[in-house]
Every structure is written in C-alpha cells, then in structure tokens.
Amino acid sequence: MNLNRKPHRNPDLLIVGGGIVGLTVARAARARWPDSTVTLLEKEEDVGLHASGRNSGVLHAGFYYSADSLKARFSREGTRRWTELCLERGLGINRCGKLVVAQGPHELEGLAELKRRGDRNGVLLHEVTAQEAREIDPAAKTHERALFSPNTASVDPAEVTRALASDAREAGVEILFGTRALQRRGTALDTTAGLFQPGYLINAAGLYADRLARSYGFGEDLDILPFKGIYLYGDPQHRRPRVHIYPVPKLSRPWLGVHFTIGVQGEVKIGPTAIPAFWREHYKGLQNLSLWEAASILLTEAGLFLRNDFEFREIAMEEMRKYLRPVLARQGARLVDGTPMDSFRTWGKPGIRAQLFHRKERKMLMDFHLEGDDRSLHILNAVSPAFTCALPFAEFVLDEVEVKMGEGAGLREEPPDEAGSGHQDGPARGGMEPANARSRNRPSASTP
C-alpha cells in the first residue's frame, strides 16, 4: 500500500521517527485521542531499519536502574506488557530468563547492589548459589553466587516493530515513508516532502533527535554521540547457554558489558561492543559518510579522549579491542564453562546506540530525557532499555504532551498563513486534550 498519497499536511499530531518509540507513541495517541489525526514521518522506506530493528531483543526486568529513574519505572511494566502482547499476537518470544554471574569475590558487592535495586524496583529476582546457577544453566560459571531473573525474555525486534507499525496503521495512523524531517520553518516543519503544519509535534528521531530539537530551541547544550554495537554469533551445532548470561556491570556506564544473549529461536550471540562511531549511521566502512557530521563528532570525541571525561579514554580503548574476535570471545569465556568459544565466528549486523552527552556538564545522560513546550516535545535520550520500556513510556510521553499543552494557549484552530502549508486537511485542533488532562499527577520528564 502506498502510504505517501495525499498526506495530511495539518495533522493534529505529527510524530517524527518510525522506530519503536515513535510507533508506540503513535499507537497510544490514536487510542487516547481517537478523534484526532496522527501522522508519522519515517525517513527510510520501512520501519525499524536502524536502532529498533537492530536491537538485541532482550526484555529487561528492571533491576539495573536506580529506583528514582524512568528506566526503573518503565522496565518492569514494559517487560510484562510486551510479554502479554507477544503471547496474544503469536509473536516470537523466548522466556528463558537471565543469570548475572560474578567473576570473582570483587564482584559480590556488585551483585548485592543489583539485588537491592531489584527489591526497591519491585522486580522478581532470586539470589542463587553457584550450584543452583549451574542447575538453571549448566554453562554458567560464577563465584559463590549469582542472580536469576526469571522474567527476562527476548523477542525478535524486527518482527515486533513491524507488528507495531501494522497496529498503528490499523488504528488510523498515517505513516509516510521516505520523508526526512529537515528543520522548523516558522510554526511548520520542513521536510523532504514539503511543509507540515501540525497541531503538536513529537520528535522521536533517535540518532537525529538533537538536530531537530535545536531547530525548535531545545537541547542547546546536548549532543547525541553514536556508539556502534556488534554481536558475534555462535555455531548452533555446539553446546551453548540456554539462558541469558550477563556479568556484573559497571553501573557508572550506560551499557552492561559483554554477555551471552539467547534469541527467540535459541540462537546465541556474545557482545555487544560499544565502539565510538564517527558519524551517526557509521555501520560499515564509509557507508553513509557525512564529512561535516564526522568532523563534528570526531572533534567532540577527541576532546573527551584528551580530558578522559566519564572514563571515555578507557572506554574507547577497551571497546576498539573488541573488534578483534578473539578478544570478544575471551571476555565471553569468563562467564561460561564448556562452551567452545571458537564456535563463535559470525559477526551480526551492527547497530548504533544514540547516547546523549551534556557538553557543559561533560557527562553522558543515563536516563530518558525530554524537553518541550506547548507546540512540540523532543525525546532526546531514549537509550537502552528503551525497547523494553516503549509501551509504558509512550503513555508517559502523551501525559507530558497534555501537561505542555496545558501550560500554553492550547492547540490553534487554524494554521497561520505564514507557514505556507495550504488549507487544513484534518479536523479542527482541540480534540487532543482530555478534560482531565491537567488533573493528573505526573513526574518530571527530566533526567533524574
């Protein structure tokens, strides 16, 4: 079906980005505001071709995150809702669970901290002995004890993303493929398909969210830095783990270390890397190279390397070494017994993690971060476990839209002439805000 015919130039809600966040927001918006028009712009010719479709597919239970974070709030609920949706819809899901193992006595306190966080977040998490861990998965290797998360699961991210797109279209969302958002022009959004004059705009553009936000006057001190993640797949003919096996992570960093991930069909991979990339879609070689973008990102990364902000120098050196298969395999071997690491030979498709960096504070932001006003809302940091969190996070985003609209003059009835966007295709604005919008008690969208 050609979804690019006669697009609504004046939708009540315009969403930029056809990844998992944009799709869940669009789907939720139609459910909350059934009388409003919703249009989603995606620069590619299909959904989920970047981070969402290249995701590990792991549904995280929510025990890694501090209790005051949005990640903690949405992970447990997200895992439950995705599990229910996949089972109801017949989508692939592997409810295998996860072991977190200690590589020595120095990591036992880290295990204890994860257990404390899990308890505070209401996550089902069992502390088990080394023998009990081996009974859960004979491949697991740990020092004295481990943690077992029975609700951690995995899905096929590409399948789930396509299903969400189908749901959104069936709910009445107009999805326009091959349409790249460029910049704000007056009160309109300029795109490669012309001007759009929405009642409200939500920026879920992932790797490009900071660029679009700045054209609306937000995120002035924020930059998205790209990090490349690659997994190494094992030969299915060899003995391998049957549950996810993770190390105790460095909680000061936004990723979880090299681990074993079990796919929907039982396939096993180790990784990922978190290699600083030199441009936003730096997947392979010089593909998608933008010289201006590369120069800007390299300049920022060079400064981080020299100053060693948030241990960036160590991170860069450690992660670059993981490009070597034996290095990645050796790190994986610390977590397992009896798994032939030489059977991990095939590199998977790389993905790019969009990590938000605060220039003035010289730090990476570790939680979701949103900024906006009564005309637009910008999702600037939707890092892992954003896929897990997407369903409840979408509701939170719409709550924030209602708050922002309540702060301003509300949705206009007619588009201003200066936008040059033509007549109004959709219904009169004003159908988006429920009567009780301002009565809800909502937390701040800022990063804790």
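Laboratory data are not the source of any read-out in this text; all were calculated from the coordinates shown. Note that the structure is predicted; figures quoted are calculated from it, not measured. When we count neighbours, we look across all protein chains shown, and the Cβ atoms used for this are built from the backbone with ideal geometry, even at glycine.
Okay, here's what the table says:
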{"quantity": "Globularity ratio of region 173-254, using Cα Rg and 2.2 N^0.38 Å", "calculated": "1.73"}
{"quantity": "The chain: relative contact order in percent, alpha carbon pairs under 8 Å with at least 6 residues between", "calculated": "24"}
{"quantity": "The chain: calculated mean residue ellipticity at 222 nm from DSSP helix runs of at least 4, using -39500 (n - 2.57)", "calculated": "-9500 deg cm²/dmol"}
{"quantity": "Peptides 94-102, 273-281 ordered by average Cβ neighbours within 10 Å, highest first", "calculated": "94-102, 273-281"}
{"quantity": "Share of alpha-carbon pairs per 5 Å distance bin for region 54-186, given as whole %", "calculated": "2, 10, 15, 16, 16, 14, 10, 6, 5, 4, 2, 1, 0"}
{"quantity": "Stokes-Einstein D in µm²/s, Kirkwood radius over Cα pairs - the chain at 4 °C with 1.567 mPa s viscosity", "calculated": "57"}
{"quantity": "Burial ranking of peptide ranges 301-313, 46-58 (average Cβ count within 10 Å, highest at the top)", "calculated": "46-58, 301-313"}
{"quantity": "Three semi-axes of the equivalent ellipsoid, region 6-121, Cα gyration tensor, whole Å, largest first", "calculated": "36, 16, 14"}
{"quantity": "Fully extended contour minus Cα-Cα distance, from residue 131 to residue 314, at 0.36 nm per residue", "calculated": "62.4 nm"}
{"quantity": "Alpha-carbon radius of gyration plus Dmax, which is the widest Cα pair, for region 250-293 in Å", "calculated": "14.7, 42"}
{"quantity": "Cα gyration tensor, region 1-73 - rounded (a/c under 1.5), prolate or oblate", "calculated": "oblate"}
{"quantity": "Top of 378, 259, 238 by mean-square fluctuation, Gaussian network on the chain, Cα under 10 Å", "calculated": "238"}
{"quantity": "In region 207-278, trypsin sites (Lys or Arg not before Pro) in a DSSP loop with at most 10 other beta-carbon atoms within 10 Å", "calculated": "none"}
{"quantity": "Reduced Cα scattering model of region 229-316, Debye log10 I(q)/I(0), q = 0.12, 0.14, 0.15 Å⁻¹", "calculated": "-0.53, -0.68, -0.75"}
